[in-house]
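Dumping the structure here so I can ask a few things about it.
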Amino acid sequence: QAQPAQALTLLVGPEGGFTREEEDAALAAGALSLSIGPRVLRTETAALAAMAMLAGIWGGM
């Protein structure tokens with residue numbers, strides 16, 4: 001079981017994805033790019049899915 005992060009900022013993009021410029025800026029600022037695969041979710045659904053995945057990895061929040 002992974003240890004929860006001390007601090008976390010979760011960037012959830014729009015259904016169409018981030019622009020190349022937005023992605024480059026986030027990566028330049030130290031962001032780690034992760035994906036849930038080829039699925040396209042509504043933005044609000046993607047945020048909930050990401051939080052559920054983190055809770056599963058960290059054993060609950």
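Please treat every number below as a calculation from the coordinates, not as lab data. Only a predicted model underlies this, so the values are computations on that prediction, with no experimental measurement involved. Cβ: placed from backbone, ideal geometry, glycine included. Neighbour counts: every protein chain shown.
For the pair Leu11/Trp58, report the inter-label distance in nm, with labels modelled 7 Å from Cα in the Cβ direction.
Result: 2.0 nm between the two label points.
Using only the alpha-carbon atoms, how far is helix 43-58 inclined from the longest principal axis of the chain? Give it as 0 to 90 degrees, nearest 10.
The angle comes out near 40 degrees.
Once the dipole of the chain is set up with Lys and Arg at +1 and Asp and Glu at -1 on Cβ about the Cα centre, which of Phe18, Pro4, Gly59 lies farthest towards its positive end?
Going by the Cα projections, it comes out as Gly59.
Mind checking the dipole of the chain: about its Cα centre, +1 per Lys or Arg Cβ, -1 per Asp or Glu Cβ, Debye to the nearest 20?
So the magnitude is around 240 debye.
Here's another thing I want to ask about it. Could you compute how fast the chain diffuses translationally, taking Rh as the Kirkwood radius over C-alpha pairs and applying Stokes-Einstein at 20 °C with viscosity 1.002 mPa s? Give it in µm² per second.
Roughly 166 µm²/s, to the nearest whole number.
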